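The values are calculated or read from the model by the stated rules, or taken from the named source; none is laboratory data. Every value quoted in this text rests on a predicted model; they were computed, and no experiment measured them. Here Cβ is always computed from backbone atoms with ideal geometry, including for glycine, and neighbour counts include all displayed protein chains. Only protein heavy atoms, including side chains, enter the accessible area calculation; ligands, DNA and RNA are left aside. Shrake-Rupley method; radii C 1.70, N 1.55, O 1.52, S 1.80 Å.
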Amino acid sequence: MPPQPFFDYSQFNFDKPLFGLDDIRKFNPQRHEMEQLSGVVWVDREDHGIIGFREITDDEFWIKGHMPGFPLMPGVLLCESAAQLAGFYARKYDILGAGDYLGFGGMDSVRFRAPVFPSCRLVICARATRIKPRLRAEFEFQGFVDDKLVFNGQMIGVPISRERRVDS
């Protein structure tokens, strides 16, 4: 049985986000095709909750090659959208006190419950369940399209610093 929604996201105005793409870009390094967030509509700093969204359009880079004639959003991009939401929260509010970015440390119990197709709004809810300063933050996440749970799971975010970059 699918889990219940963490938050009542229906009360927010997705046409007037709290943080838009320009705000997200101040904290998330992804650009161009890899930007998987359109906005953030709610943040609860006390309980470490956040609600964001991604407008899935008819001209996504993956449409041509991911199931030609049946464009299905790749699960890895669904997970990436949740990770970018968690990364935005972690960096904007500096919950780890370390790193320039929040990187993937792992994912658990991810379930894809329904397909996601172009021309929809993917609503993503996340909340930090454990924060170990300077080491890691653990989040649980859910994604919805038209009030239907389409994916959920848990992830670990770890701080990544620019100074550790390895040049090819």
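Quick notes on this one:
- Working note: Karplus 6.51/-1.76/1.60 with θ = phi - 60° gives the stretch 151-158 the couplings 6, 7, x, 10, 9, 10, x, 10 Hz, where Gly and Pro are set to x.
- Label-to-label distance for Thr57 and Asp94 is 3.5 nm, based on points extended 7 Å past Cα in the beta-carbon direction.
- The stretch 1-66: C-alpha gyration tensor shape, a/c 1.5 cut-off, then a/b vs b/c: oblate
- Share of carbon and sulfur in the accessible heavy-atom surface of the chain [1.4 Å probe, %]: 48 percent
- Value at 222 nm in deg cm²/dmol, rounded to 500, when DSSP H runs of n ≥ 4 in the chain each add -39,500 (n - 2.57): -4000 deg cm²/dmol
- Excluding same-chain neighbours fewer than eight residues apart, the lysines reachable from Lys64 by a Cα-Cα span under 28 Å are Lys148.
- When each of the peptides 52-65, 70-83 is scored by how many other beta carbons lie within 10 Å of its residues on average, the order from highest to lowest is 70-83, 52-65.
- Whole-Hz couplings from phi, Karplus 6.51/-1.76/1.60, listed for the stretch 39-44; x for Gly and Pro: x, 10, 9, 7, 9, 10
- Projected-area average for the stretch 124-166 over all orientations - Cα convex hull basis, square nanometres: 4.2 nm²
- Packing around the peptides 36-43, 92-99, taken as the average count of other Cβ atoms within 10 Å per residue, puts them in this order, highest first: 36-43, 92-99.
- Estimated inter-spin distance, Arg113 and Arg25, nm [label 7 Å along Cα→Cβ]: 3.4 nm
- Backbone amide hydrogens, once placed in the peptide plane, bring Val110 within less than 5 Å of Gln154, excluding anything fewer than 5 places away on its chain.
- Translational diffusion coefficient (Stokes-Einstein; Kirkwood radius from C-alpha pairs) of the stretch 74-168 at 10 °C, 1.306 mPa s, in µm²/s: 114 µm²/s
- Rg of the Cα atoms in the chain, relative to 2.2 N^0.38 Å, amounts to 1.00.
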